Amino acid sequence: MRSAVIAAGRRHSVGLRADGTVIAAGAGASGECRVKDWAHVVAVAAGNVHTASNTGRSHSVGLRADGTVIATGWNGDGQCDVASWRDVTFVAAGWRRTLGLTSNGTVLAAGRLREGACEVSQWREAVELACGDWHSVGLRADGTAVAVGNDRRGQCTVSTWRNITSIAAGYLHTVGLTADGHVVAVGDRSTGALNVSTWRDVVAVAAGSYHTVGVTAAGRVVAVGSSDFGQCDVADWREVVAVAAGSTHTLGLRADGTVLAAGNNQHGQCDITGWNTIRLPH
């Protein structure tokens, strides 16, 4: 399980510095970029929202070293009401929703209830979490996966997956990384975001609204799906150790702690110049 050190939302980006502070870029109309006072953070998450004219408000989440959680931004459904959480080891954020993994493998949820994506209280032995817009995915210790929420495009049909080591969730699709470096994907096929069957030697994955990104063991980056804003223009990236996929932009963390960005920069979400001390994943 890799804790996220970079995260991408609908109109903003978040990065975790090596000293435990957090930096953000992009639109902050809902307060999602108000992270300058955060400290002792060990992981970050950004509430992703699919690309649509009536969407955009988001939130940011930070996991502290002591197992507590902090959140800022849009709180219309209580997705930022995480101050009481304790003993958390991993966080994930989706549209109007925040999930927290506890040290005993159970999962906490805050936020929108309507689609069932917060119905995670029965999950056990979870080791990683991912949030799409309307669905939530959990990776179990035995390499299997579970999903709840909206399944209208089959994005929750993960029960047959085996030997999974990491997961990612987009708007209407879900991605799984296998122990042998292959990638599996389910959900909406219309954008090409599921075209990952030929990928090899992958060590990390991320899912945006309509695109999927992977990092290879050689530090190269691959991407498929919608690239109408250039979010898949990552073929020339090198020495990358982690990626994050927003609605229409992609971030890559290099081994030297600097960050690359591609895609939609309408709101400044790709203005990551000066991000040069980002913590490396471990």
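The values are calculated or read from the model by the stated rules, or taken from the named source; none is laboratory data. Remember, it's a predicted structure, so these values are computed and weren't measured experimentally. Please note: Cβ atoms are built from the backbone with ideal geometry, for glycine as well, and neighbour counts cover all protein chains shown. Only protein heavy atoms, including side chains, enter the accessible area calculation; ligands, DNA and RNA are left aside. Shrake-Rupley method; radii C 1.70, N 1.55, O 1.52, S 1.80 Å.
Some observations on this one:
- All positions within the range 6-34 that are among the hydrophobic types (A, V, I, L, M, F, W, C), open to solvent by 30 Å² or more (accessible area, probe 1.4 Å) and modelled with pLDDT under 95: 29
- Pairs where the first residue, in the range 73-86, is closer than 11 Å to residue 47 by Cα and the second is open to solvent by less than 20 Å² (accessible area, probe 1.4 Å) and of a type in the set (Lys, Arg), C-beta under 8 Å, 6+ apart: 79/97
- Residue 245 under 26 Å from residue 128 (Cα atoms), open to solvent by 30 Å² or more (accessible area, probe 1.4 Å), modelled with pLDDT of 95 or more and not β-branched (Val, Ile, Thr): no
- Filter result (surrounded by 14 or more Cβ atoms within 10 Å (Cβ to Cβ), farther than 20 Å from residue 53 by Cα and of a type outside the set (A, V, I, L, M, F, W, C)) within the range 251-275: 252, 254, 257, 258
- Which numbered condition residue 65 misses (of (1) in contact with a His (Cβ under 9 Å, 6 or more places away or on another chain); (2) surrounded by 18 or more Cβ atoms within 10 Å (Cβ to Cβ)): (2)
- A residue that is without any contact (Cβ under 8 Å) to a residue 60 or more places away in the chain and touching a Phe, Trp or Tyr at 6+ places or on another chain (Cβ under 9 Å) occurs somewhere in the range 229-236.
- The sole residue among 228, 233, 142, 180 that is in contact with a strand residue (DSSP E or B) (Cβ under 7 Å, 6 or more places away or on another chain) and among the charged types (D, E, K, R) is 233.
- The strands (runs of 3 or more DSSP E) found wholly in the range 1-82 and carrying at least 1 residues that are closer than 28 Å to residue 177 by Cα and touching a Phe, Trp or Tyr at 6+ places or on another chain (Cβ under 6 Å) occupy 12-16, 22-26, 59-64, 69-73.
- Which listed residue is within 19 Å of residue 48 (Cβ to Cβ) and either at pLDDT 95 or above or open to solvent by less than 20 Å² (accessible area, probe 1.4 Å) (or both), from 201, 236, 228: 228
- Restricted to strands (runs of 3 or more DSSP E) entirely inside the range 86-194, those with at least 2 residues that are over 19 Å from residue 207 (Cβ atoms) are 88-94, 97-102, 107-111.
- Hits in the range 110-133 (condition: open to solvent by less than 40 Å² (accessible area, probe 1.4 Å) and free of Cβ contacts under 8 Å to residues at least 60 places away in the same chain): 110, 111, 112, 116, 117, 118, 120, 123, 126, 129
- With respect to (1) in contact with a Ser or Thr (Cβ under 7 Å, 6 or more places away or on another chain); (2) part of a strand (DSSP E or B); (3) open to solvent by less than 10 Å² (accessible area, probe 1.4 Å), the lone exception for residue 209 is condition (2).
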